[in-house]
Amino acid sequence: METFAFALSVTGPIFLTLIVGYWLARVGLLRDAFVDDASKLVFMITLPVLLFINIFTADAELGQELPLLAAGLLGTVITIPLAWLAARPLVHGDRSAFIQGAFRGNLGIIGLAWAANAYGSGGLAQAALLMAGVTILYNIAAVTLFAVYSSEVRFSWGKLAKDIAQNPLIVAIVLALVCREIGLVLPEILLQTGDYLASITLPLALLCIGASLDFSLLRRSSLAAFGATAIKLLGVPAVLLACGWLLRLPAQAMGVLLLLAATPSATVSFIMARAMGGNSQLAANIVALSTLLSIVTASLGLALLEIWF
């Protein structure tokens, strides 16, 4: 019982914050213009600062996290084609939404928040490294889906490389690693300022995600939405944990791996499906359904992991 209580203490506050954001939007206290501006602020400024500060000040030697990164990358490489195979029975227009929803998790906000709740700044630094590598794979897969399913929009590998190089989150992580490697010492006043900015990131981002959710879509959820959600919340964590077990990851690294793997589908999957001319309604259903159910699956998964390790 204590183990499940710990797991619920990790995931519960994040889910309740999403619900608060959802409620504030419904009563008109979080308007679309504010959510748009706040989301840009988080993505461009406060989240990169949070990632930089936590990696730069991490006590652990981050080079030792290569097995964790390898497990995450290997698991992601396996789950993407599995999602593609599962989408084969669907009509052509539904496949891109299904695939994106089935493998692409909300690592940057919910994953980081879960890792920070469970393991503090050390877990957050591990999650940030894992997020950087997996996010690059996500972008490569997205471009591939564009090439296969879109007849309207053309993307190039050059554009992909440019987008990755200009991604503020990846830039912040690489910069933090470089600064650690060269032994750079930052003034305390800069670190304190960074802490102030970082401290608003996760609450603000979670409120914005909650405000963007539309649970009324659940009434129209299809078997395809339930299928993609099952893959995302059950299949993806199982594959990544198997990779972690094969690489003999320690308990905390396995926990971080699970929490990032068990995140609900990323809201960007809805944007990608719409851009590709796919079924954006299906994508929205997957996001809403996986967000609602992830509190259960992630909590149970973390509790079982605590028992086994």
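Mind listing whichever residues of segment 42-59 are more than 16 Å from residue 207 (Cβ to Cβ), crowded, with 19+ Cβ neighbours inside 10 Å and not hydrophobic (A, V, I, L, M, F, W, C)? The answer is 48, 54. Applying a threshold of 8 Å to beta carbon distances and a minimum spacing of six or more residues, or different chains, the list of pairs starting in segment 195-220 at a residue that is closer than 14 Å to residue 25 by Cβ and ending at one that is of a type outside the set (D, E, K, R) and outside any helix (DSSP H, G or I) reads 207/30; 208/30; 209/106; 209/267; 211/30; 212/267. What pairs can you find where one residue is in segment 291-302 and in contact (Cβ under 8 Å) with a residue 60 or more places away in the chain and on the phi < 0 side of the Ramachandran plot, the other is assigned to a helix (DSSP H, G or I) and not hydrophobic (A, V, I, L, M, F, W, C), and their Cβ atoms are less than 6 Å apart, with a gap of 6+ or different chains? Listed pairs, sorted by first residue: 295/11; 298/11; 299/11; 301/237. Does residue 266 count as closer than 20 Å to residue 109 by Cα and crowded, with 19+ Cβ neighbours inside 10 Å? For residue 266, the condition - closer than 20 Å to residue 109 by Cα and crowded, with 19+ Cβ neighbours inside 10 Å - is met. Looking only at segment 61-84, decide whether some residue is without any contact (Cβ under 8 Å) to a residue 60 or more places away in the chain, over 22 Å from residue 123 (Cβ atoms) and touching a helix residue (DSSP H, G or I) at 6+ places or on another chain (Cβ under 7 Å). Within segment 61-84 (the criterion being without any contact (Cβ under 8 Å) to a residue 60 or more places away in the chain, over 22 Å from residue 123 (Cβ atoms) and touching a helix residue (DSSP H, G or I) at 6+ places or on another chain (Cβ under 7 Å)), the answer is yes, since at least one residue qualifies. Out of everything in segment 208-237 that is modelled with pLDDT under 90 and of a type in the set (S, T, N, Q), what residue ends up being surrounded by the most Cβ atoms within 10 Å (Cβ to Cβ)? Ranking the qualifying residues of segment 208-237, first place goes to 212.
The values are calculated or read from the model by the stated rules, or taken from the named source; none is laboratory data. Nothing here was measured: the structure is a model prediction, and the numbers come from that model. Cβ: placed from backbone, ideal geometry, glycine included. Neighbour counts: every protein chain shown.
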